[in-house]
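Take a look at the structure set out below.
The values are calculated or read from the model by the stated rules, or taken from the named source; none is laboratory data. Keep in mind that what you see is a predicted model, and the values were worked out from it rather than measured. Don't worry about glycine lacking a Cβ; one is built from the backbone with ideal geometry, like all the others, and counts go over all protein chains shown. SASA here: full protein model, heavy atoms, side chains in, ligands and nucleic acids out. Shrake-Rupley method; radii C 1.70, N 1.55, O 1.52, S 1.80 Å.
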Amino acid sequence: MAAWMLTKAGASVLMLEAGRDYNPDEAPMLNMAMDAPLRGINTPDKEFGFYDATVDGGWKMPGEPYTMAEGSEFMWWRSRMLGGRTNHWARNSFRMGEYDFKPKTRDGLGVDWPFEYKDIAPWYDRTEKLVGVYGSNDGLENHPNSGPGVLQTPPKFRVWETFLKAGGDAINVPVVAARRAVLTKKIDERSPCYWASGCGRGCSIGAAFQTTTSLIPWAKKTGKLTIATGAMVYEVLLDSSGKATGVRYIDKATGTHKEAKGRVVVLAASTGETARILLNSQVAGRSEGLANSSGQVGRNLMDTVGSSVSAYFPQLEGRPRYNEDGAMGLHAYIPFWDYKRIVSGEVDTPRGYHVEIGGSFGDPGMGVGGGLDGYGSSLRADVKRRYGARIGFTQRGEMIPNASSFCSIDTNTKDKFGIPVLKFNFAWADHELKQVKHFQNAMKELIDKLGGTLVSEPADPAKAISKGGEIIHEVGTARMGSDAKDSVTNQFGKTWDVDNLYITDGSVFASKAHKNPTITIMTLAMRSSDSIATRLRTGEL
Amino acid sequence: MTDTTAPVIIAIDRRVTLKWLMGALAVGQLAACGDGAKGLSWPELEAISATGIGKDPNLTDPVVPWPLTLTAAQLETTAELADLILPGEGAIPAPSKVGVPAFINEWVSAPYPDQHSDRVLIVNGLAWLDEESKVRNGVPFIRAEASAQKAILDDIAFKDKVKAGLEKPAEFFGRMRSLTLGAFYTTREGWADIGYMGNTPGTGDYAGPTPEAAAHIKGVIEGMGLKYTPA
Ligand SMILES: Cc1cc2nc3c(=O)[nH]c(=O)nc-3n(C[C@H](O)[C@H](O)[C@H](O)COP(=O)(O)OP(=O)(O)OC[C@H]3O[C@@H](n4cnc5c(N)ncnc54)[C@H](O)[C@@H]3O)c2cc1C
Ligand code: SF4
């Protein structure tokens with residue numbers, strides 16, 4: 001986003017990318033699982049399946065470890081490719097709302113953001129319009145509408161989504177159109193969704209938003225963008241006055257250390273990696289790393305609260321077949337609805353969650369035989385009867401920053417380039433565990449209303465909750481704020497300590513609302529880049 | 001009490017350990033006591049060290065980089081079993097006609113931990129099946145009558161009716177069933193059988209439910225006393 005905004009504004013940009021170049025035509029769209037090794041299942045090499053677009057990444061990367069403090073578990077998903085994880089994200093794009101930017105004001109926990117929702121609303125509109133997001137404006141509490149003409153028309157609900165809506169309506173749990181960064185109408189050279197091929201494989205027709213089919217080629221077209229791939233940045237360079245002069249990186253092809261100079265340095269290497277670069281940067285006379293006079297770099301690490309339940313609905317058995325691929329992701333979802341009872345104290349957890357749902361007739365996959373019994377023609381009948389009768393419910397909830405969750409440099413471990421690695425500390429608090437309980441109870445009520453049965457009784461929240469990082473929404477390690485004493489950047493991503501050093505990834509999040517972070521990362525990046533462009537124009541930078 | 005009458009002839013993968021052989025011999029002895037082949041041990045096998053997929057394979061032109069390891073005899077038994085699990089019906093082909101045995105070979109030969117445990121289960125399980133059949137019927141599994149084959153399966157295929165002592169063979173059968181179903185229902189023939197109609201690009205808006213599917217869910221919802229909202 002920063003590269004597009006800045007080149008569009010006339011600045012020359014050098015983008016340093018640790019991974020390799022990536023061409024969206026590499027995406028195996030429409031290829032059958034059958035043609036992939038092991039039917040495309042997850043393996044230690046390709047942890048989200050053979051066809052997942054991730055290049056040279058995953059939970060584990062050879063030669064590029066991360067470590068964990070004793071008693072902590074944290075999972076860090078990386079991908080080393082141009083466009084990063086935007087090539088294969090699920091494209092769920094829910095706006096943060098009024099409450100989400102002022103959490104401390106509401107319940108005294110965490111910190112507030114340095115601006116209000118209304119300040120960022122126009123930037124959300126601009127970002128959603130540029131990116132292309134489908135969804136509907138339902139006017140729900142803390143789920144803001146987009147501006148007129150911003151959203152694209154969402155795809156129709158499928159049968160099982162209509163079924164859930166009927167149950168939800170009966171118990172006042174909303175089931176509404178989801179918002180995803182997927183085109184349903186053509187914009188610029190990008191085609192609308194053609195209703196097939198999982199978006200995690202990458203979308204070469206440009207319907208599912210990824211920077212390699214949009215922002216990066218657009219920025220290239222200005223003639224102002226130079227991209228260096230295989231460039232592993234590890235340090236920001238400063239001059240004697242404390243201004244950033246560039247970065248130092250390892251050119252992976254030759255193994256040589258190189259420097260790149262610039263008037264402004266923008267870090268957007270992802271939440272973990274940006275913190276790592278700051279903490280690894282040497283600043284004369286200081287030991288805490290760069291832009292860290294507040295001591296907050298690496299702190300406030302947050303991820304989304306995740307857990308799931310799954311239920312079987314006899315009412316859906318043997319339902320008439322049709323093509324339910326649709327946009328290969330959410331058409332409907334359950335936004336958080338219980339804010340009033342949080343305020344009244346009837347709900348014992350301070351923050352909300354939303355529920356992502358799945359139950360389509362999809363490619364049956366290697367799991368199709370799970371839980372079946374016997375053999376022969378009765379087995380075939382069972383497979384067919386049960387197809388499309390099971391619905392999965394996935395919680396995506398807000399985490400409140402806590403003192404036990406942070407990353408720091410592990411001085412004992414280096415990666416294959418010789419760069420010290422990150423060490424994670426992570427712990428959930430009671431708030432998050434209670435939220436899991438709320439989710440489990442609410443889903444049981446919904447499932448019950450629809451005559452379903454749980455596939456298995458949900459585990460105790462402490463067991464049911466995801467591991468830190470597992471939901472891949474890590475944010476917060478260089479948070480923005482209104483006070484240099486307890487935040488790393490101002491509201492425009494400018495570090496308090498270095499006037500020409502900016503951060504435009506998820507590390508600047510002050511809180512982690514239950515809404516998936518990427519649309520907000522891009523919106524903040526657009527707003528911050530606009531501020532950089534203005535300061536460049538006025539000669540301030 | 002003598003040795004078993006039927007000679008123990010088992011195709012042995014060269015990686016199979018000595019422990020396994022001893023287990024197989026013990027079967028013969030137990031069998032003679034009229035105890036079936038349930039005494040067969042299920043020894044660990046050496047892990048496969050072939051190259052895997054890697055972190056950046058060519059996604060549009062996939063290759064399976066590891067060598068296949070099942071013997072011809074093991075593949076034959078696999079095919080026989082797969083076809084018993086999900087027999088062809090009318091126009092629907094049997095698993096052996098759409099490459100399921102070859103897929104199971106690819107699976108058990110893969111250099112990954114999950115597939116390795118399946119390999120241990122399956123290689124040993126196939127041997128057990130033959131031994132059990134020889135004990136009961138005097139011939140290996142593939143040469144037994146259909147009814148005799150089913151008699152063996154009936155002892156291991158149903159969760160609540162696994163014959164005492166046959167828990168391990170039941171586990172083996174469960175994996176074979178799961179692999180067979182997964183492999184079959186990911187083929188075009190499997191898609192047609194189950195009714196998966198996707199992976200087909202379309203133009204314009206997403207069509208949504210057919211009138212028949214919509215009418216059906218409307219009936220279900222209203223039948224439950226709930227309110228139906230059309231898509
Ligand atoms: C399977 C999956 C599904 C997801 N679904 C959703 C979703 O539905 N909604 C949502 O909001 N979010 C989702 N996410 C999360 C989303 O992908 C991330 O929030 C988003 O991509 C973060 O953007 P980023 O620019 O901070 O980091 P990244 O996308 O990771 O980009 C960082 C880039 O920097 C490069 N880099 C890293 N270190 C260095 C270095 N030292 N030097 C130079 N370059 C470096 C990387 O190679 C990469 O290209 C999902 C993620 C995954 C994996
Ligand atoms: S479902 Fe639509 S948006 Fe997703 S990859 Fe396929 S064509 Fe692209």
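If you filter segment A:20-69 down to residues that are polar (S, T, N, Q) and either in contact (Cβ under 8 Å) with a residue 12 or more places away in the chain or open to solvent by less than 40 Å² (accessible area, probe 1.4 Å) (or both), you find that the one that is farthest from the other protein chains (Cβ to nearest Cβ) is A:T67. The listed residues are A:V297, A:V309, and the only one of them that is in contact with an Asp or Glu (Cβ under 8 Å, 6 or more places away or on another chain) and either more than 14 Å from chain B (Cβ to nearest Cβ) or not in a loop (DSSP other than H, G, I, E, B) (or both) turns out to be A:V297.
The C-beta contact set for segment A:448-466 (first residue within 14 Å of chain B (Cβ to nearest Cβ), second residue at pLDDT 95 or above and in a loop (DSSP other than H, G, I, E, B), distance under 7 angstrom, 6+ apart or interchain) comprises A:K449/A:I171; A:L450/A:F313; A:G451/A:F313; A:G451/B:M224; A:G452/A:F313.
If the condition is being assigned to a helix (DSSP H, G or I), on the phi < 0 side of the Ramachandran plot and touching a Gly at 6+ places or on another chain (Cβ under 6 Å), then segment A:14-44 contributes A:P24, A:A33. Considering only residues in segment B:173-231 that are aromatic (F, W, Y) and facing chain A (nearest Cβ under 7 Å), the one that is least open to solvent (accessible area, probe 1.4 Å) turns out to be B:Y185.
Within segment B:128-141, identify whether any single residue is surrounded by fewer than 22 Cβ atoms within 10 Å (Cβ to Cβ) and among the hydroxyl-bearing types (S, T, Y), and answer yes or no. Looking for residues that are surrounded by fewer than 22 Cβ atoms within 10 Å (Cβ to Cβ) and among the hydroxyl-bearing types (S, T, Y), one finds none in segment B:128-141, hence no.
Within segment B:105-132, residues that are within 14 Å of chain A (Cβ to nearest Cβ) and touching a residue at least 24 places away in the same chain (Cβ under 8 Å) have Cβ atoms under 6 Å from residues that are in a helix (DSSP H, G or I) and basic (K, R) in these pairs: B:V108/B:R119; B:D118/B:R175, counting only partners at least 6 apart in sequence or on another chain. Taken together, the residues in segment B:56-82 that are in a loop (DSSP other than H, G, I, E, B), hydrophobic (A, V, I, L, M, F, W, C) and open to solvent by less than 30 Å² (accessible area, probe 1.4 Å) amount to 3. Within segment A:268-287, being modelled with pLDDT of 95 or more and either charged (D, E, K, R) or more than 20 Å from A:F424 (Cβ to Cβ) (or both) holds for A:A268, A:E273, A:R276. Is it true that A:M5 is out of contact with any Gly (no Cβ under 9 Å at 6 or more places or on another chain) and either within 23 Å of A:K416 (Cβ to Cβ) or in a strand (DSSP E or B) (or both)? No. The condition of being within 16 Å of ligand 2 (Cβ to nearest atom) and open to solvent by less than 50 Å² (accessible area, probe 1.4 Å) holds for only one of A:L301, A:L330, that being A:L330. All of A:G329, A:G358, A:G345 fail the test of being out of contact with any Pro (no Cβ under 7 Å at 6 or more places or on another chain) and more than 16 Å from ligand 1 (Cβ to nearest atom), apart from A:G345.
Candidates in segment A:156-213 are the residues that are of a type in the set (D, E, K, R) and within 23 Å of the chain's Cα centre (by Cα); of these, the one that is nearest to ligand 2 (Cβ to nearest atom) is A:R201. Of the listed requirements (1) closer than 22 Å to A:A332 by Cα; (2) open to solvent by less than 50 Å² (accessible area, probe 1.4 Å), A:V233 misses just one: (1). For A:Q315, the conditions (1) in a loop (DSSP other than H, G, I, E, B); (2) away from ligand 1 (no atom under 16 Å from the Cβ); (3) touching a residue at least 40 places away in the same chain (Cβ under 8 Å); (4) open to solvent by 10 Å² or more (accessible area, probe 1.4 Å) all hold with the exception of (1). Within segment A:194-210, identify whether any single residue is open to solvent by 30 Å² or more (accessible area, probe 1.4 Å), aliphatic (A, V, I, L, M), more than 14 Å from every other protein chain (Cβ to nearest Cβ) and more than 16 Å from ligand 1 (Cβ to nearest atom), and answer yes or no. Among the residues of segment A:194-210, not one is open to solvent by 30 Å² or more (accessible area, probe 1.4 Å), aliphatic (A, V, I, L, M), more than 14 Å from every other protein chain (Cβ to nearest Cβ) and more than 16 Å from ligand 1 (Cβ to nearest atom), which makes the answer no. For first residues located in segment A:255-279 and away from every other protein chain (no Cβ under 14 Å) and touching a residue at least 60 places away in the same chain (Cβ under 8 Å), partners that are within 16 Å of ligand 2 (Cβ to nearest atom) and not in a strand (DSSP E or B) and lie 6+ apart or on another chain with Cβ distances below 9 Å form the pairs A:S270/A:R85.
Checking A:F509, A:F439, A:F492 one by one, the residue that is more than 15 Å from ligand 1 (Cβ to nearest atom), crowded, with 23+ Cβ neighbours inside 10 Å and more than 14 Å from every other protein chain (Cβ to nearest Cβ) is A:F439 and no other.
Of the residues in segment A:87-129, how many are away from ligand 1 (no atom under 16 Å from the Cβ), assigned to a helix (DSSP H, G or I) and either farther than 28 Å from A:R299 by Cα or open to solvent by 50 Å² or more (accessible area, probe 1.4 Å) (or both)? Here the count works out to 12.
Condition first: outside any strand (DSSP E or B), away from ligand 1 (no atom under 11 Å from the Cβ) and within 17 Å of A:R20 (Cα to Cα). Now tell me which residues in segment A:225-272 satisfy that. Answer for segment A:225-272, where residues must be outside any strand (DSSP E or B), away from ligand 1 (no atom under 11 Å from the Cβ) and within 17 Å of A:R20 (Cα to Cα): A:A253, A:T254, A:G255. Considering only residues that are β-branched (V, I, T) and assigned to a loop (DSSP other than H, G, I, E, B), which ones fall in segment A:181-223? A:T184, A:I205, A:T222 - these are the residues of segment A:181-223 that are β-branched (V, I, T) and assigned to a loop (DSSP other than H, G, I, E, B). Taking segment A:364-382 as the range and being of a type in the set (D, E, K, R) and facing chain B (nearest Cβ under 7 Å) as the test, the residues that pass are A:D373, A:R380.
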